[in-house]
Amino acid sequence: MAKPLVMGRKEIAKVYGIAPTAVSDRWVPGGVLSYEDAVIVSGKPYWPGGLVIDVALPPGSRGRQLDQGLLEKLIEEQGATSKPMKAAELPPLVGAQEYAELFGVDQVKVSQAARTSARGQLPAADYSLSGSSLWLLETVLAGAEHTMKVSAEARRSPGEWKLNESVAEQLRTGTYEGPGSSFKARGKKAVAEDSET
């Protein structure tokens, strides 16, 4: 399967030479990108890489100039082999909140398991985006048996991690509405909207 290029606010900021806050403060309110174009994982928006590349203005014009060198470096870091244009083209992604729901544990346990790679309870993250680890759902499911086995062998909290097939199916079909599935808009426009209500 092709691994898609995915970008969060920090990756967009890096390849365009802008502040990460400019994505939510200027680009989204200005219609350059929208949250509807993104997938929401653990409450954060992530955009398909092809779409982000496509918003660049022609070289030499004023405004959104894409740094091709930094883009190539990001593609290499991710091991990306495709540049999707639409959120629907992205495979299901899992962050800490979705991981917790998948295995019936709290998010803190997921974060601890991800950090303590010595036990190897969780598979290596497929992405590190905007300060968060993200996994392809297929990576999580392929490692599920091992994740549960390591948990069962642990001295404390044995057998605590149990895969919830219903949550896995919701993530697979795009119907998941649990923790992390929604995004609260940020930036100047969101502040203005909050003060109006």
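The values are calculated or read from the model by the stated rules, or taken from the named source; none is laboratory data. Treat the numbers as computed from the prediction; the structure is a model and nothing was measured. Note: ideal-geometry Cβ built from the backbone for every residue, glycine included; neighbour counts use all protein chains shown. All accessible areas refer to the heavy atoms of the entire protein, side chains included, with ligands and DNA or RNA removed. Shrake-Rupley method; radii C 1.70, N 1.55, O 1.52, S 1.80 Å.
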Practice task
Calculate the tail of P(r) for region 1-152: the fraction of all Cα-Cα distances greater than 26 Å, expressed in %.
Solution key: 30
Exercise for the section: Pick out, from 79, 57, 91, the residue whose Cα sits farthest towards the positive end of the charge dipole of region 45-99, with +1 on the Cβ of Lys and Arg and -1 on the Cβ of Asp and Glu. Expected result: 57
Handout entry: Max mean-square fluctuation residue, GNM over the chain, Cα-Cα springs under 10 Å, options 132, 61, 111
Key = 61
Problem - Accessible area (Å², per residue) of the chain, counting only protein heavy atoms and a probe of 1.4 Å - result: 54
Problem - residue 82 long-range amide H proximity, modeled H, under 5 Å - result: 3, 5
Problem - Cross-link pairs 14/86; 109/162; 3/162 - those with Cα-Cα distance over 19 Å - result: 14/86; 3/162
